[in-house]
Amino acid sequence: MADNLDLVTIEEAARAVGKTPHNIRDYIQRGRISKYNERGEIIERAQNGHLRVSLKEIRIFLSLVEQGLEKHHHAGLHPELGFHNVPEYQRTKHVHRLHPYLGKFIPQLVEWFLARYFQPDDIILDPFMGSGTTLIQGNEMRMHTIGIDISPFNCLIARVKAAKYDVAKARSEILETEQRVTRFSKYLTRSGAVNLSLFPEERMDTLKASLLEECTSDYLKTWFAPRALLEMLYYRRLIPHYHYQDLLRVVLSRAVRSSRLVPHYDLATPKAPLPVGEKYWCKKHNRYCVPIDNCITKIHAYSRDTARRIAEFDQLRSDKTITIIQADSRTVDLRAELSHTTIANRLIDGIFTSPPYVGQIDYHDQHVYAYELFGFPRQDELEIGPKKRGKSKQAQREYVDGIVAVFLNILPSVKPDGKIFIVANDRFDLYPEIANLSGLRIVDKFHRAVTKRTEQGDDPYQETIFFMMKD
Ligand SMILES: C[S@@+](CC[C@H](N)C(=O)[O-])C[C@H]1O[C@@H](n2cnc3c(N)ncnc32)[C@H](O)[C@@H]1O
């Protein structure tokens, strides 16, 4: 327990001791100072906006450093794997920012390992593909990539990132849809230069009624303002008229996510919808904000952005295969799934993956709005280590069994000297046992500071990249 008066935010601590916020995060990650909550209790993970550090602890640490009695660089963090100098726009370059996703790693981390341990034309598998970061980065480096994920929506995001497009046609479909919804929005609000004779009053009423009739989801009716709901339902209705339907679904889903009645500082894990039109104190902007009441603003924000991003990746995309499989990695028949591809008879050269961790994230729930909007079938009960099952000893046991089952299922498709990289924040020290039970040995471990994980909030932590091979 620390003295409450001594507790400050990272920014306040930095100002008080003449360091940068990045320095303070670094001390935390190297285990030199502790993380506290507002009540002064030492914590392992901080919620966004609630992390506190002890000024007294920082001052003692800095004075020990000055006297040569303490070192900064103690915790064995790999100097190149923090990627502190990689700016945000590169960490989210081209299609990596087509859609938010809690728990994705940055492409630079994948690149660092693929460049050192693999060759062009190798086959790389990610059995916990998520939004497809490994697949896109591997393809850029002229490697064949395969991704498996249990969640249909994650597979949709990955497919949309990986797809080869007629870029001009994709752009025109995105912009035309945006324009049509803009017109609808203007009719809806009677704003701007609207030619009302094109859309008479009764027709508008019928249209609104039929859109609302199509909406059978209580979630959508609760988490969106009435205007936002109508705009997104109208966009959804237009999608079947176009060729690149999944691409349009991703633009819409991204806009819908940002149009929920949630505070700006909690887009990733909101608890309950805010009342329409009511001000709230926004921790992100440090002022009063009002929840968004429409969807068109975000449709505008993401339409051109999406078109630009797919055009950018189109320039970098290699002709190597990208295979996306929606399945449970414990039971998927990889050989059958690959039988129709040009890599059907080859063994896999390596794995680069970040599995879910025990009780950390519910991967379906984070995109509940998309499941409700598009009606994708949910596979929650097949997720390994979901948050809703907690972190108990029993949950850890089930987690180990789940991850081992994945390796036992896929390792027969991997070369005898295949290289396996697993990114995990293994705070329960489960991976040595997982390796053992999977017939793998740990060749090396790389520890990295994670300050730059997108969507992960402001809580500094470390993770380990386990390098394993068949025993
Ligand atoms: C940490 S995320 C991977 C993130 C990814 N590296 C990225 O950059 O987007 C773990 C993923 O494992 C998936 N997953 C959980 N259980 C699974 C299972 N039984 N089979 C396949 N995938 C599963 C989750 O849906 C989630 O997308």
Does any residue of the range 119-131 turn out to be among the charged types (D, E, K, R) and either within 18 Å of Asn409 (Cβ to Cβ) or in contact with an Asp or Glu (Cβ under 6 Å, 6 or more places away or on another chain) (or both)? yes
Those residues of the range 408-427 which are in contact (Cβ under 8 Å) with a residue 60 or more places away in the chain, more than 16 Å from the ligand (Cβ to nearest atom) and more than 17 Å from Phe128 (Cα to Cα) amount to Lys415, Gly418
Conditions (1) out of contact with any strand residue (DSSP E or B) (no Cβ under 7 Å at 6 or more places or on another chain); (2) among the hydrophobic types (A, V, I, L, M, F, W, C); (3) within 13 Å of the ligand (Cβ to nearest atom); number of the one not met by Ile351: (1)
Mind checking whether some residue in the range 412-429 is in contact with a helix residue (DSSP H, G or I) (Cβ under 8 Å, 6 or more places away or on another chain) and in a helix (DSSP H, G or I)? yes
Reported set for the range 382-408 where residues are in a helix (DSSP H, G or I), crowded, with 18+ Cβ neighbours inside 10 Å and within 21 Å of the chain's Cα centre (by Cα) is Lys387, Tyr399, Ile403
Condition first: of a type in the set (A, V, I, L, M, F, W, C), more than 20 Å from the chain's Cα centre (by Cα) and either closer than 23 Å to Lys93 by Cβ or outside any loop (DSSP other than H, G, I, E, B) (or both). Can you find one or more residues in the range 342-358 that meet it? yes
Sort through Lys186, Lys221 and tell me the only one that's at pLDDT 95 or above, in the same structural domain as Arg236 (by TED's automatic domain parsing), surrounded by 11 or more Cβ atoms within 10 Å (Cβ to Cβ) and of a type in the set (Lys, Arg). Lys221
Which of the residues belonging to the range 100-111 are crowded, with 19+ Cβ neighbours inside 10 Å and either aromatic (Phe, Trp, Tyr) or within 14 Å of Ile351 (Cα to Cα) (or both)? Tyr101, Phe105, Leu109, Val110
Take Thr297 and decide whether it is closer than 30 Å to Pro356 by Cα and either polar (S, T, N, Q) or not assigned by TED's automatic domain parsing to the domain that holds Thr222 (or both). no
Taking the condition of being loosely packed, with under 12 Cβ neighbours inside 10 Å and under 23 Å from Thr189 (Cβ atoms), how many residues in the range 276-294 meet it? 2
Pairs needed: first member in the range 394-407, assigned by TED's automatic domain parsing to the domain that holds Ser438 and more than 10 Å from the ligand (Cβ to nearest atom); second member anywhere, part of a helix (DSSP H, G or I) and not β-branched (Val, Ile, Thr); C-beta distance under 8 Å; at least 6 residues apart or different chains. Ala395/Arg389; Glu398/Arg389; Val400/Glu433; Val400/Leu437; Val404/Leu437; Val404/Ser438; Phe407/Ser438
Consider His300 against the criteria (1) touching a residue at least 40 places away in the same chain (Cβ under 8 Å); (2) more than 30 Å from Tyr165 (Cα to Cα): it satisfies all of them except one. Which criterion is unmet? (2)
Give me a count of the residues in the range 208-235 that are more than 18 Å from Ile292 (Cβ to Cβ) and either part of a helix (DSSP H, G or I) or more than 25 Å from the chain's Cα centre (by Cα) (or both). 10
Select from the range 13-27 the residues that are under 15 Å from Lys56 (Cβ atoms) and either in contact (Cβ under 8 Å) with a residue 60 or more places away in the chain or among the small types (Gly, Ala, Ser) (or both) and list them in ascending order. Ala13, Ala16
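Can you list the helices (runs of 4 or more DSSP H) lying wholly within the range 95-199 that have 2 or more residues being within 12 Å of the ligand (Cβ to nearest atom) and touching a residue at least 60 places away in the same chain (Cβ under 8 Å)?
Fully inside the range 95-199 and qualifying: 107-117, 133-140, 152-162.
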Is there a residue being outside any helix (DSSP H, G or I), more than 10 Å from the ligand (Cβ to nearest atom), more than 20 Å from Thr331 (Cβ to Cβ) and within 19 Å of the chain's Cα centre (by Cα) anywhere in the range 361-375? no
Checked Arg227, Arg287, Arg254, Arg236 against criteria (over 30 Å from Ala162 (Cβ atoms), modelled with pLDDT of 95 or more and not assigned by TED's automatic domain parsing to the domain that holds Tyr363); the one match is Arg227
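Select, from Gly385, Gly390, Gly375, Gly350, the only residue that is out of contact with any Phe, Trp or Tyr (no Cβ under 7 Å at 6 or more places or on another chain), within 28 Å of Phe466 (Cα to Cα) and among the small types (Gly, Ala, Ser). Please lay out each step first, then the result.
On the way: Gly385 fails: out of contact with any Phe, Trp or Tyr (no Cβ under 7 Å at 6 or more places or on another chain); Gly375 fails: within 28 Å of Phe466 (Cα to Cα); Gly350 fails: out of contact with any Phe, Trp or Tyr (no Cβ under 7 Å at 6 or more places or on another chain).
The conditions single out Gly390.
The values are calculated or read from the model by the stated rules, or taken from the named source; none is laboratory data. Note that this is a predicted model, so its numbers are computed, not measured. Cβ atoms come from the backbone with ideal geometry, glycine included; neighbour counts cover every protein chain shown.
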